[in-house]
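Here's the structure, in structure tokens; my notes come after.
The values are calculated or read from the model by the stated rules, or taken from the named source; none is laboratory data. Remember, it's a predicted structure, so these values are computed and weren't measured experimentally. Backbone-built Cβ (ideal geometry, glycine too); neighbour counts: all protein chains shown. Only protein heavy atoms, including side chains, enter the accessible area calculation; ligands, DNA and RNA are left aside. Shrake-Rupley method; radii C 1.70, N 1.55, O 1.52, S 1.80 Å.
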Amino acid sequence: MQTSNPASRGLYAKLIAGPAIWGGTFIAGRTIALALPAAVGAALRFIVAVVALLIAARALEGGLPRLTRRQLLGTVLLGATGIFAYNLFFLGALARLPASRTSLIVALNPITTIAAASLLLGERLSPRRWAGIAVALAGVWIVVSRGDVLGSIAGSVGTGELLMFGGVCSWAAYTLIGRKVLTGMTPLAATTYASLWGAVMLSIAATPDLRALDSSAITAPVVISVAYLGVLGTALAFVWYYQAVQKLGASRTVIFTNLVPVFGATFGVLLLGEPLLPSMLVGGAIALAGVMMVSR
């Protein structure tokens, strides 16, 4: 991994800072998920994000480009997968699981993306990399099962875990679609359009919940969490992520998302006082070893 020139060092710094920001989104997301319906919380996140992204696009690139038909379809798919579906799964899971536990399931992101690229796009994987995928899955299963690896699947995997697995699959689709969509588009433009379409979808989904929403649920911590998710967790981190996808490729970039559960679990324990189970430490370490096998 060559990082000797300033541009490369800056790119890899963003690839580490981005997961740190996303680790914090589990804390902010947990705060929102316990106060608001998932669709409402996600819609608020991306309304804020779209405003921030439009300002950035205007200031940095003179506005948004006109889309070709192919780019329009691509950015709508990005909005449907990485914005709409992922965030409903993400906040739905956080309403049911501690932030630290939810973040560790995200360790499946790199594995799922790389395996999907191999199966769907024909990217070749060596036997060692397939073995790494199996090791990573074993590590995540230790986390999910709370160490009872031979216990009942029904007792270990609940709705929260299944929702986060859905989020992992949505993010894999977002990453792979983004690799194609980014041709001829800047990361900022692609992220802005995807967030715009996703915000529209989420707003439509949130409409039924708005009628029963209690305004007292909009507390200062919720407002701060929405701002964090919208400005830092989306407008900044998503653009950094796609800058790396554009320069390094999807398979290499997605490896850095393995830092997300490390930051997320750490923040959950330190900031929310969540328990750190031995199974989380052991399973997280095994999952990390598996991802390293795949990425080498």
Exercise. Any chance the stretch 194-202 includes a residue that's at pLDDT below 90, polar (S, T, N, Q), assigned to a helix (DSSP H, G or I) and open to solvent by less than 40 Å² (accessible area, probe 1.4 Å)?
Worked result: no
Exercise. Is at least one residue of the stretch 91-100 assigned to a helix (DSSP H, G or I), open to solvent by 10 Å² or more (accessible area, probe 1.4 Å) and not β-branched (V, I, T)?
Worked result: no
Exercise. Does A205 satisfy the condition of being free of Cβ contacts under 8 Å to residues at least 60 places away in the same chain and either among the hydrophobic types (A, V, I, L, M, F, W, C) or more than 22 Å from I32 (Cβ to Cβ) (or both)?
Worked result: no
Exercise. Just wondering, is there one or more residues in the stretch 239-248 that are among the aromatic types (F, W, Y), open to solvent by 30 Å² or more (accessible area, probe 1.4 Å) and out of contact with any Phe, Trp or Tyr (no Cβ under 7 Å at 6 or more places or on another chain)?
Worked result: yes
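Yes or no, residue by residue, for (1) aromatic (F, W, Y); (2) farther than 14 Å from L229 by Cα; (3) at pLDDT below 90; (4) open to solvent by 10 Å² or more (accessible area, probe 1.4 Å):
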residue	(1), (2), (3), (4)
A20	no, no, yes, yes
F26	yes, no, yes, no
A43	no, no, no, no
F46	yes, no, no, no
L64	no, yes, no, yes
For this session: Would you confirm whether any residue within the stretch 264-282 is within 26 Å of P187 (Cα to Cα) and in contact with a Phe, Trp or Tyr (Cβ under 8 Å, 6 or more places away or on another chain)?
Result: yes
Problem set entry | All positions within the stretch 223-245 that are within 13 Å of Y12 (Cα to Cα) and of a type in the set (S, T, N, Q) | Q243
Exercise. Tell me, which helices (runs of 4 or more DSSP H) wholly within the stretch 206-296 include 3 or more residues that are of a type in the set (A, V, I, L, M)?
Worked result: 220-227, 237-248, 259-272, 278-295
Problem set entry | Condition check for I83: under 13 Å from the mean Cα position of the chain (by Cα), open to solvent by less than 10 Å² (accessible area, probe 1.4 Å) and in contact (Cβ under 8 Å) with a residue 40 or more places away in the chain | yes
For this session: Hey, could you check the stretch 101-139 for residues that are in a helix (DSSP H, G or I) and without any contact (Cβ under 8 Å) to a residue 12 or more places away in the chain and say which is surrounded by the fewest Cβ atoms within 10 Å (Cβ to Cβ)?
Result: P127
For this session: Taking A220 as meeting all but one of (1) open to solvent by 60 Å² or more (accessible area, probe 1.4 Å); (2) within 14 Å of the chain's Cα centre (by Cα); (3) of a type in the set (G, A, S), write down the number of the exception.
Result: (2)
